[in-house]
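One structure is given below, encoded as structure tokens.
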Amino acid sequence: MTSRILLLLLTTLLLITCTGSSYAQDLTAPTPDPIEQLRLTPEQRQRVRMIFEENKNERQSINRRVREANVALDQAIDAEPTDEAVIDQRLNELATAQAAQMRMRIYTELKIRRELRPEQLATLRQLRLQARDFITPRRPAPQRLRPNPHRNAAQP
């Protein structure tokens, strides 16, 4: 049971940092498990589990605030008549909740990173780069346009 919780928590963290990387690969090919790629020791798994457990209640509270702020914003947008001051207030509430959520995610990741060995950090960085490239694929450089000799030609 506890190993399933650890796997779920680590998968969640890595999915946040590696969102979508499995979609970039052929769906017929098995995708490597990010947790397995990190090769965590049992001690590391235990420490990571403790990190998630330490702030479980705060994380749940922040996530609830984000959900509630989203609902409140949706309700303000749908209200008749529309009150832009209320919408601005709801936007600020949502932004504050999302900032708290991001802060929690970053500090949790920092704590976990402190538990990783250099080669594990390198693997994590590689997974993040793959996810970033999938989420925001690099576009090919624009082709240079050739001048159109007819464009600037004098009209007869």
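The values are calculated or read from the model by the stated rules, or taken from the named source; none is laboratory data. It should be emphasised that the depicted structure is a prediction, and the values quoted were computed from it without experimental measurement. Quick reminder, even Gly has a Cβ in these numbers, built from the backbone with ideal geometry, and neighbours come from all protein chains shown. The area values use the complete protein model at the heavy-atom level, side chains included, leaving out ligands, DNA and RNA. Shrake-Rupley method; radii C 1.70, N 1.55, O 1.52, S 1.80 Å.
Quick rundown of the values:
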quantity	calculated
Cβ pairs under 7 Å, 6+ apart, first in the range 114-126 and in a helix (DSSP H, G or I), second surrounded by fewer than 17 Cβ atoms within 10 Å (Cβ to Cβ) and charged (D, E, K, R)	120/39; 121/113
Count of the range 83-101 residues which are open to solvent by 80 Å² or more (accessible area, probe 1.4 Å) and within 17 Å of residue 52 (Cβ to Cβ)	0
Test: residue in the range 109-124 that is hydroxyl-bearing (Ser, Thr, Tyr), open to solvent by less than 60 Å² (accessible area, probe 1.4 Å) and modelled with pLDDT under 95	yes
Residue match in the range 49-59 (condition: assigned to a helix (DSSP H, G or I), over 30 Å from residue 120 (Cβ atoms) and open to solvent by 50 Å² or more (accessible area, probe 1.4 Å))	no
